[in-house]
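So the structure is just underneath, and the comments pick up after that.
Readers should treat all values here as calculations from the given coordinates under stated rules, not as data from a laboratory. Please read these numbers as outputs of a predicted model, since none were measured by experiment. Quick reminder, even Gly has a Cβ in these numbers, built from the backbone with ideal geometry, and neighbours come from all protein chains shown.
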Amino acid sequence: MTYTTVIALLTDFGLQDGYVGIIKGAIACINPYLTVIDIAHEIPPQNIAAGRFCLMNAYSFLPNGTVYVAVIDPGVGSRRRGVAIQFSQGYLVGPDNGLFGGVLSLSEAIVAVELTNPNYWRVRHPSLTFHGRDIFAPVGAHLASGISLNVLGNCISPDSLIKLPLKEVIITANHVHGCIQYIDRFGNLITNISGKLVRDHNWSVEIAKQQIKTALTYSEVTREELVSFIGSHGWVEIAVNGGSAQQKLQVNWGDHINIFLGKK
């Protein structure tokens with residue numbers, strides 16, 4: 001793989017405390033000529049599932065070879081592994097806690113290493129609470145500058161990478177069962193059911209004991225009315241025209257959803 005000049009960042013650090021600027025500074029100290037793209041920094045604190053979805057939803061829109069440094073890390077300083085992973089469209093760098101499972105469900109890992117070589121960290125004795133600054137951002141900068149993945153640490157089996165437990169999508173003759181995998185800032189509910197599974201059917205959604213009509217977009221229903229459709233990300237989504245589906249339905253990450261399938 002030819003080396004990249006792009007690093008994409010995703011964290012739950014927020015923008016008021018300086019943490020994002022600090023990790024960008026750690027990257028610039030290694031190579032100030034890299035292009036740094038911010039995917040998101042307002043992931044709900046310690047919400048690995050939300051980070052998993054946002055990373056999975058974003059990676060196909062960035063250049064091949066991009067290095068993704070993602071830090072949603074409630075286990076920082078513990079025995080959880082730091083990893084770097086090569087996949088067909090680039091590299092993933094961050095904690096091994098399920099954060100990369102969404103990307104790897106769509107594009108399998110080619111090689112994975114545990115980050116055990118301190119020569120590519122910012123300091124040999126990193127902070128126990130800020131691996132994003134001291135390990136992940138520097139490693140990402142070295143990768144984006146052409147360093148080989150294999151020198152960063154010990155090879156590990158991709159099969160050993162942590163997978164976040166999400167409810168499996170179950171398909172029967174007339175139903176698709178799934179769950180809410182993400183809730184965006186508008187209160188829209190993004191399910192783990194691919195639009196491909198319903199596109200050729202007449203379908204309706206049941207969630208929180210309510211039947212919800214389907215449409216192509218928000219504006220096909222009246223204001224404050226619930227609606228379901230295939231979102232821009234390709235997943236079945238539930239929304240309220242001009243409001244929050246989460247607040248209206250009082251649901252949360254992981255809650256069950258059922259889709260009824262009929263003939264078109």
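Residues whose amide H lies under 5 Å from that of Glu225, counting only those 5 or more places away or on a different chain, are Asn241; hydrogens are built 1.01 Å from N in the peptide plane. Other residues with beta-carbon under 9 Å from the beta-carbon of His177 carry, at +1 per Lys or Arg and -1 per Asp or Glu, a net charge of 0.
Can you give the helix-only mean residue ellipticity at 222 nm for the chain, where every DSSP H stretch with n ≥ 4 adds -39500 (n - 2.57) and the sum goes over all residues, rounded to the nearest 500 deg cm²/dmol? Mind dumping the intermediate values first?
On the way: 5 runs with 42 residues, N = 264.
Helix contribution divided over all residues of the chain: -4500 deg cm²/dmol.
Here the Karplus curve 6.51 cos²θ - 1.76 cosθ + 1.60, taken at θ = phi - 60°, turns the phi angles of segment 164-179 into couplings of 6, x, 10, 4, 6, 6, 10, 10, 10, 4, 10, 9, 10, 9, x, 8 Hz, with x standing for Gly and Pro. Near Phe87, the amide H atoms lying under 5 Å from its own belong to Leu92, Ile110; only residues 5 or more places off or on other chains count, and H is placed 1.01 Å from N.
For segment 206-217, putting each phi into the Karplus relation 6.51 cos²θ - 1.76 cosθ + 1.60 with θ = phi - 60° gives couplings of 10, 8, 6, 6, 10, 8, 10, 6, 10, 7, 8, 7 Hz, in residue order, rounded to whole numbers and with x for Gly and Pro. Using the charge dipole of segment 29-101 (Lys, Arg: +1 at Cβ; Asp, Glu: -1 at Cβ; taken about the Cα centre), state which of Tyr68, Leu55, Phe87 has its Cα farthest towards the positive end. My answer, from the dipole projection, is Phe87. Build a GNM of the chain with springs between Cα atoms under 10 Å apart, and of Asn202, Asn47, Asn150 the one that fluctuates most is Asn202. Here Trp253, Trp203 are placed in order of increasing Cβ neighbour count within 10 Å, fewest first, which gives Trp253, Trp203.
Computed from the alpha carbon atoms alone, the convex hull of the chain holds 135 Å³ per residue. Springs between alpha-carbon atoms under 10 Å, Gaussian network over the chain: tell me which of His177, His142, His201 tops the mean-square fluctuations. Among His177, His142, His201, the largest GNM mean-square fluctuation belongs to His201.
Taking amide H as placed 1.01 Å from N in the peptide plane, Ser204 has its amide H under 5 Å from the amide H of Phe260, each at least 5 places away in sequence or on another chain.
Taking other C-beta atoms within 10 angstrom as a stand-in for reagent exposure, Thr35, Thr5 fall in the order Thr35, Thr5, fewest first.
Let a ≥ b ≥ c be the square roots of the eigenvalues of the Cα gyration tensor of segment 6-160; is it rounded (a/c under 1.5), or, if not, prolate (a/b larger than b/c) or oblate? Intermediate results must be reported in sequence, preceding the final value.
Numbers: a/c = 1.15, a/b = 1.03, b/c = 1.11.
Rounded, because the longest to shortest axis ratio a/c is under 1.5.
Charging the Cβ of each Asp and Glu at -1 and of each Lys and Arg at +1, and nothing else, the dipole of segment 27-159 about its Cα centre rounds to 280 debye. Shape class for segment 22-67, computed from the alpha carbon gyration tensor (a ≥ b ≥ c): oblate, with a/c not under 1.5 and a/b at or below b/c.
Do any trypsin sites (Lys or Arg not before Pro) in segment 52-97 lie in a loop, going by DSSP, with at most 15 other beta-carbon atoms within 10 Å of their beta carbon, and if so which? Sparse-neighbourhood loop trypsin sites (Lys or Arg not before Pro): Arg79, Arg80.
Relative contact order for the chain using alpha-carbon pairs under 8 Å, separation at least 6, rounded to a whole percent?
Values: 562 pairs, mean separation 43.4, N = 264.
Taking the mean separation of contacting Cα pairs over the length of the chain, I get 16 percent.
For segment 87-92, 3J(HN,Hα) computed residue by residue from phi via the Karplus equation (6.51, -1.76, 1.60; θ = phi - 60°) reads 10, 4, 10, x, 9, 10 Hz, glycine and proline entered as x.
Name the most mobile residue of Ser88, Ser127, Ser232, meaning the one with the largest mean-square fluctuation, in a Gaussian network model of the chain with Cα contacts below 10 Å. Fluctuation is largest for Ser232.
Of Lys248, Lys263, how do they rank once you tally other Cβ atoms within 10 Å and put the fewest first?
Details: Lys248 18, Lys263 7.
By the 10 Å Cβ count, ascending, the order reads Lys263, Lys248.
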